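Quick notes on the structure that follows.
The values are calculated or read from the model by the stated rules, or taken from the named source; none is laboratory data. Small disclaimer: the values here were computed from a predicted structure and weren't measured. Cβ coordinates were reconstructed from backbone atoms using ideal geometry, including for glycine residues, and neighbour counts include every protein chain displayed. Ligands, DNA and RNA are stripped out before the accessible areas are found, and what is left, the full protein with its side chains, is counted by its heavy atoms. Shrake-Rupley method; radii C 1.70, N 1.55, O 1.52, S 1.80 Å.
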Amino acid sequence: LCITMRRNAKKPSQTVVDDATVLLQPLERSEAKKSSHSTMVIRRLRKYFPLLCLASLVIVLFNTTRLPLGKNVKIVQQPLETEQQPLSGPPNWSVKIGKPRVVSPIPDFARKKYYATPQRLLGSTRRALDSMGWQPADPSKDDKFHLVLRWASEDLPQHLINTPLKPWQRFNQLQGTQSWNLKDKFAFQMRKYANNVLGIESLPFIPTTYILQLQEDKERFLTHLNQENGMDHPHVAKIGNKAGGTGVSFLAPNSESLKEVKKSLESPFRSSLESYKSHYIIQEHICTLLVDNRKFDTRSYMMVASVEPLVVLFHEGIIRVSGHQYNGTDFSDKKSHLSNVAQGGEKKILRELPLLDQHFSENKRLKQRVPQGLSPIDHVKNQMKSALGHFVRAFQNTSFTMNNIASYGTENGYALYGVDFMIDQDLDVWLTEVQTSPGLSDQGQKMYKYIHNIVEEVQDRQSKGQYVLPLSSIVGGWEVVYSEEDGYVYEYEFDRSSDKKKC
C-alpha cells in the first residue's frame with residue numbers, strides 16, 4: 001500500500017483523485033473532482049502517507065520486542081550433533097545500541113543516605129546497608145536521601161504518597177509485577193512467550209502446568225489423567241496467590257485427593273478449582289536431588305539494575321533444605337516435600353556442599369550432557385542464568401519499562417526479586433516462580449550489600465552521559481544476564497534430558 005500510493009503520487013491529478021475516492025471514503029468521486037482544495041489535501045496526504053506508514057511500522061516493531069526476536073536465545077531439547085561448548089562469556093560491552101541516556105546526578109547531601117519503611121526492612125537488610133557506609137534518614141524532617149526502600153506488600157507512608165519523589169531519587173519497587181507474581185499468570189505468560197516468540201510449544205525448564213481456569217488446560221489435564229497414565233504419577237496443586245509454601249497440596253498417584261480433583265473437573269458444574277479468584281494450577285511433580293535424604297530448592301536472586309536501558313543481573317543465592325526427611329511414598333506429610341524456610345527448612349550455600357560433584361561422579365551418563373570443562377555447579381548455574389534471560393524477555397514489556405515507575409516521579413528505577421529453581425537427578429534446572437519480596441538471611445546479606453552501590457554507579461554513569469555497562473561495582477557474585485543497550489541476553493546450550501525419571 002505504501003509503495004502503490006507513493007507511485008501514484010507522481011501521476012496526473014485526475015488519477016490521484018480517482019484513487020483517493022476509493023481509499024478515502026466518504027468522498028464521492030464527483031465531489032472530489034469538483035474540489036481543487038480537496039485534491040490538493042489528498043495529494044499531500046498521498047505524498048507523505050508512505051513515510052507515516054513506515055514510521056508506524058518502526059514503532060510497532062520497537063514496542064513488540066526490544067531485542068530482535070530469537071537473538072542470543074537458543075533452546076536445545078534434543079542431543080546436539082556437534083561438539084558442545086559452553087558460552088565463552090559476556091561481551092566486552094563496547095558495541096552499543098543507540099545513545100546513552102542522561103539523568104540527574106546524585107546531590108552530595110543525599111549520597112549514601114536511604115529511607116526504609118520500618119515494619120519489615122530490618123535486620124540483615126539494614127546491616128547490609130550499614131556495612132557499606134549507608135546512613136538512614138528521616139523523611140518527615142527532610143528529603144535528603146537517595147534511596148527509598150519498601151517491602152512490596154506494604155504501602156508507602158502518606159507523606160511520600162502526597163509528595164512525588166525527586167528525579168534523582170530511586171525507589172526499590174517496580175509496578176507491573178502482578179503479571180507474574182500470581183502463579184497462573186506467570187505460567188500463562190511464559191507459555192505465550194514460548195509460542196509467539198520462540199515458536200515452541202513450551203519452555204523446557206518450566207514444569208508441565210495446567211491452568212484450571214482455562215477450558216483447554218482443563219481438558220488437557222483430564223486427557224493426561226484418563227489416556228496418558230496420569231493417575232499413576234504424583235502432581236502438585238497450587239493456589240496462585242499464596243506464598244511461603246501455603247496453598248500447596250500434593251496429589252499422590254491414584255490417591256483419593258487426585259480422584260476427587262478428577263471428579264470435580266469432569267462435573268458439568270464449574271468447581272472451585274476453576275475459580276478465577278483462586279488462580280489454581282496443577283503441575284507435574286519434579287523428582288529432585290536430595291541433601292542428606294531431604295528435599296531442597298534454590299533461591300537465586302535477580303536484580304534490575306536499570307529500567308532504561310534495561311539491565312538485569314543474576315546471583316546464584318542459596319539453597320533451602322527441608323527440615324524433614326523425604327518419604328517418596330507418603331505425600332500427606334507436606335513438610336517433607338517442601339523446603340521453604342517458613343515450613344521449617346534451613347538455608348545453605350550450594351557451592352559448599354559436595355552434593356553435585358558426588359552425584360555427577362556416580363552417574364556416567366551425566367558426563368555426556370554436561371559440556372566438557374564445566375563443573376556440575378557451573379552447569380547448573382548457567383541453566384539458571386539462561387532461564388532468567390528468557391523470563392526477562394517474556395515480561396520486558398509489561399514489568400520492566402519506564403511506565404512501571406512513571407507515578408514515582410524518578411528518572412530510573414531498580415528492584416530485587418527472588419527466583420526459585422529445582423534441580424532434578426539429571427542436573428536439569430526447573431524454574432518454579434519469581435517472587436517480589438524475597439526474604440533475606442545472613443547469607444543473603446552478603447549478596448544484598450552490593451546492590452545499592454550498583455544503583456549508585458549506574459546513576460553516576462548516566463548523569464555523565466555514559467552507557468550503563470561496564471560497572472566496576474558488579475562484584476560479590478553478581479553477573480549480567482540481560483543488557484538492552486548491548487542487545488545481550490545470556491544463552492546456554494546443552495543436551496537436556498528428555499527421559500525423566502518418574503517419582
Identify, by number, the condition in (1) within 21 Å of S267 (Cβ to Cβ); (2) out of contact with any Leu (no Cβ under 9 Å at 6 or more places or on another chain); (3) buried (at least 18 other Cβ atoms within 10 Å of the Cβ) that T177 doesn't meet.
(1)
When every residue in the range 94-128 that is part of a loop (DSSP other than H, G, I, E, B) and of a type in the set (D, E, K, R) is compared, the one modelled with the lowest pLDDT is R120
Would you point out the residue of the range 265-281, among those that are at pLDDT 85 or above and in contact with a helix residue (DSSP H, G or I) (Cβ under 6 Å, 6 or more places away or on another chain), that is nearest to T208 (Cα to Cα)?
I281
Sort out which residues of the range 194-206 are in contact with a helix residue (DSSP H, G or I) (Cβ under 9 Å, 6 or more places away or on another chain), surrounded by fewer than 19 Cβ atoms within 10 Å (Cβ to Cβ) and assigned to a helix (DSSP H, G or I), and write them in order of number.
V197, L198
In the range 211-231, which residues are under 14 Å from L251 (Cα atoms) and either open to solvent by less than 20 Å² (accessible area, probe 1.4 Å) or in contact (Cβ under 8 Å) with a residue 40 or more places away in the chain (or both)?
F221, L225, G230
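Quick one: would you say V392 is assigned to a strand (DSSP E or B), open to solvent by less than 10 Å² (accessible area, probe 1.4 Å) and either among the aliphatic types (A, V, I, L, M) or within 20 Å of E479 (Cβ to Cβ) (or both)? Steps first, answer last, please.
Values: assigned to a strand (DSSP E or B): no; open to solvent by less than 10 Å² (accessible area, probe 1.4 Å): yes; either among the aliphatic types (A, V, I, L, M) or within 20 Å of E479 (Cβ to Cβ) (or both): yes.
When the stated conditions are applied, V392 does not pass them.
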Residue check, G409 against (1) more than 30 Å from P105 (Cα to Cα); (2) open to solvent by 20 Å² or more (accessible area, probe 1.4 Å); (3) touching a Leu at 6+ places or on another chain (Cβ under 8 Å), all met but one. Which one?
(1)
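Do we find that V370 is at pLDDT 90 or above and β-branched (V, I, T) in this structure?
On the way: at pLDDT 90 or above: no; β-branched (V, I, T): yes.
No; evaluated as a whole, the condition is false for this residue.
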Identify all residues within the range 450-470 that are within 16 Å of H315 (Cα to Cα) and either at pLDDT 95 or above or open to solvent by less than 20 Å² (accessible area, probe 1.4 Å) (or both); write none if there are none.
I451, H452, I454, V455
At positive phi and open to solvent by 20 Å² or more (accessible area, probe 1.4 Å), is that true of G487?
no
Of these, K385, K381, K367, which one is touching a residue at least 60 places away in the same chain (Cβ under 8 Å), assigned to a helix (DSSP H, G or I) and either open to solvent by 20 Å² or more (accessible area, probe 1.4 Å) or more than 23 Å from M302 (Cβ to Cβ) (or both)?
K381
